[in-house]
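Here is the structure we will look at.
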Amino acid sequence: MADWESPQDIREWSRRVFALRPILLVILIIGILILELRFDWAERALGAYLVTTNSARPESGAIWEKGKQTLSARKTLEQIVTDRQASQREARGATTFQQIAVTVSAGQGVMLSGDHFRKLYLNLPQDFAQKIISPFELLQLSSQGQWRRTYIEKAGTGLMVYLLDANNRVLQQLRISPNLLIYFERQQTARVEALEDLPYFKNRIYAADRFFDTLGAYPEEVRRSILPNPESLLESPGQITRVGISDETVSGFIELGFEIFNGSQRRVILVQGHEWAVWRLRTALEEKKSTSPTTGKPLEDLTSQ
């Protein structure tokens, strides 16, 4: 019974503390602590247990919410990166500026080679290519050997073009306006359609012979203002049967559509003419339309007789 009583003096305390069982117990505890610090067996055992019970526990709490947010953010980021890589690939394979404007998101851009930009530029009609940059300026930049790449950025509904050297310094800054992009889009759409399918030509479609008869009455300067590049029409196989004149003015130009029939199908070529000259021609066409072809008198006068 003496071992269950409180020690009465220091000698009794020492005898009990330095006994075999307390020493073995201390050694055991120290060994367990050393093994835990060395091998983390307690954390591993606890983690293995939690894994086995993970499916049965509710997905709630700050850790679960943080994990969900992290997973959602990672998926969103991966989708953004994937979409941007896809748009970059499409833009680098584009054959028109309109395709680049469609594939590149607002505030983003795409890096093209100088040769790719030149191909896009040469696909444009001459009068509209000059609105972006003069071919002589482009030749000068090419001959200097500094222009290496081109960065095209979506700016609003238009495009900003930066001609860069090897160190990405801007040699020339160009702008492609939204109006030009609209024209490019119409040009692509009209290639497989008739004039009636283009609403901006409604009630303003004329027979080709009457159009060219009226056009031929003007001096060369006026005809060039109405039809700046007649050679492009000569290059198109087939016969021009009808001509449409738009009533919309875009940056001082009015659109004309030439319907061509090659024996099996019809297609439309769009051309931009100067506003003042096109309106002058259209006025003459309307006057001729309202005049009797036999007497030369206005049709209104013939009707009243």
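Is there a residue in the range 281-293 that is modelled with pLDDT of 80 or more, assigned by TED's automatic domain parsing to the domain that holds Asp197 and within 30 Å of Ile176 (Cβ to Cβ)? Walk me through it before giving the result.
Going through the range 281-293, the residues modelled with pLDDT of 80 or more turn out to be 281-287.
Still in the running and assigned by TED's automatic domain parsing to the domain that holds Asp197: 281-287.
Remaining after also requiring within 30 Å of Ile176 (Cβ to Cβ): 281-282.
The answer is yes, given that some residue of the range 281-293 is modelled with pLDDT of 80 or more, assigned by TED's automatic domain parsing to the domain that holds Asp197 and within 30 Å of Ile176 (Cβ to Cβ).
Return the residues of the range 146-183 that are part of a loop (DSSP other than H, G, I, E, B), of a type in the set (Lys, Arg) and in contact with a helix residue (DSSP H, G or I) (Cβ under 9 Å, 6 or more places away or on another chain); say none if nothing qualifies.
Within the range 146-183, the first condition is being part of a loop (DSSP other than H, G, I, E, B), and the residues that meet it are 146-148, 156-157, 165-169, 177.
If we keep only those that are of a type in the set (Lys, Arg) as well, we get 148, 169.
Matches in the range 146-183: Arg148 only.
Suppose the filter is more than 30 Å from Ile254 (Cα to Cα) and surrounded by fewer than 17 Cβ atoms within 10 Å (Cβ to Cβ); does Arg148 pass it?
Details: more than 30 Å from Ile254 (Cα to Cα): yes; surrounded by fewer than 17 Cβ atoms within 10 Å (Cβ to Cβ): yes.
Against the criterion (more than 30 Å from Ile254 (Cα to Cα) and surrounded by fewer than 17 Cβ atoms within 10 Å (Cβ to Cβ)), Arg148 qualifies.
Go through the range 104-128 and report how many residues are more than 18 Å from Tyr162 (Cβ to Cβ) and either basic (Lys, Arg) or surrounded by 14 or more Cβ atoms within 10 Å (Cβ to Cβ) (or both).
Within the range 104-128, the first condition is being more than 18 Å from Tyr162 (Cβ to Cβ), and the residues that meet it are 122-128.
Filter once more, so that each one left must be either basic (Lys, Arg) or surrounded by 14 or more Cβ atoms within 10 Å (Cβ to Cβ) (or both): 124-125, 127-128.
Total satisfying the criteria: 4.
Please enumerate the residues belonging to the range 199-258 that are touching a strand residue (DSSP E or B) at 6+ places or on another chain (Cβ under 8 Å), among the small types (Gly, Ala, Ser) and either farther than 21 Å from Ile182 by Cβ or not assigned by TED's automatic domain parsing to the domain that holds Leu285 (or both).
Scanning the range 199-258 gives Ala207, Ala208, Ser225, Ser236, Gly238.
Would you mind stating whether Leu233 is at negative phi, assigned to a strand (DSSP E or B) and aliphatic (A, V, I, L, M)? Write out each step before concluding.
Numbers: at negative phi: yes; assigned to a strand (DSSP E or B): no; aliphatic (A, V, I, L, M): yes.
For Leu233, the condition - at negative phi, assigned to a strand (DSSP E or B) and aliphatic (A, V, I, L, M) - is not met.
In the range 184-209, which residue that is touching a helix residue (DSSP H, G or I) at 6+ places or on another chain (Cβ under 7 Å) and modelled with pLDDT of 75 or more is nearest to Glu255 (Cα to Cα)? Show your work before the answer.
Of the residues in the range 184-209, the ones touching a helix residue (DSSP H, G or I) at 6+ places or on another chain (Cβ under 7 Å) are 184-185, 188, 195, 198, 201, 205-206.
From what's left, modelled with pLDDT of 75 or more: 195, 198, 201, 205-206.
Numbers: Leu195: 12, Leu198: 11, Phe201: 9, Ile205: 12, Tyr206: 14 Å.
The residue in question is Phe201.
Pairs needed: first member in the range 30-50, on the phi < 0 side of the Ramachandran plot and surrounded by 10 or more Cβ atoms within 10 Å (Cβ to Cβ); second member anywhere, among the aromatic types (Phe, Trp, Tyr) and at pLDDT 80 or above; C-beta distance under 9 Å; at least 6 residues apart or different chains.
none
For a quick check of your reading of the model, give me the residue pairs whose first member lies in the range 221-237 and is touching a residue at least 12 places away in the same chain (Cβ under 8 Å), whose second is of a type in the set (S, T, N, Q), with beta-carbon atoms closer than 8 Å and at least 6 apart or on different chains.
Pro228/Gln126; Pro228/Gln272; Asn229/Gln126; Pro237/Asn262
For Gln98, are the conditions met, namely being modelled with pLDDT under 80, among the polar types (S, T, N, Q), surrounded by 12 or more Cβ atoms within 10 Å (Cβ to Cβ) and not assigned by TED's automatic domain parsing to the domain that holds Glu235? Walk me through it before giving the result.
Values: modelled with pLDDT under 80: yes; among the polar types (S, T, N, Q): yes; surrounded by 12 or more Cβ atoms within 10 Å (Cβ to Cβ): yes; not assigned by TED's automatic domain parsing to the domain that holds Glu235: yes.
Considered against the rule, which asks whether it is modelled with pLDDT under 80, among the polar types (S, T, N, Q), surrounded by 12 or more Cβ atoms within 10 Å (Cβ to Cβ) and not assigned by TED's automatic domain parsing to the domain that holds Glu235, Gln98 comes out as yes.
The values are calculated or read from the model by the stated rules, or taken from the named source; none is laboratory data. What you see is a predicted model, and the numbers here were worked out from it, not measured in a lab. Don't worry about glycine lacking a Cβ; one is built from the backbone with ideal geometry, like all the others, and counts go over all protein chains shown.
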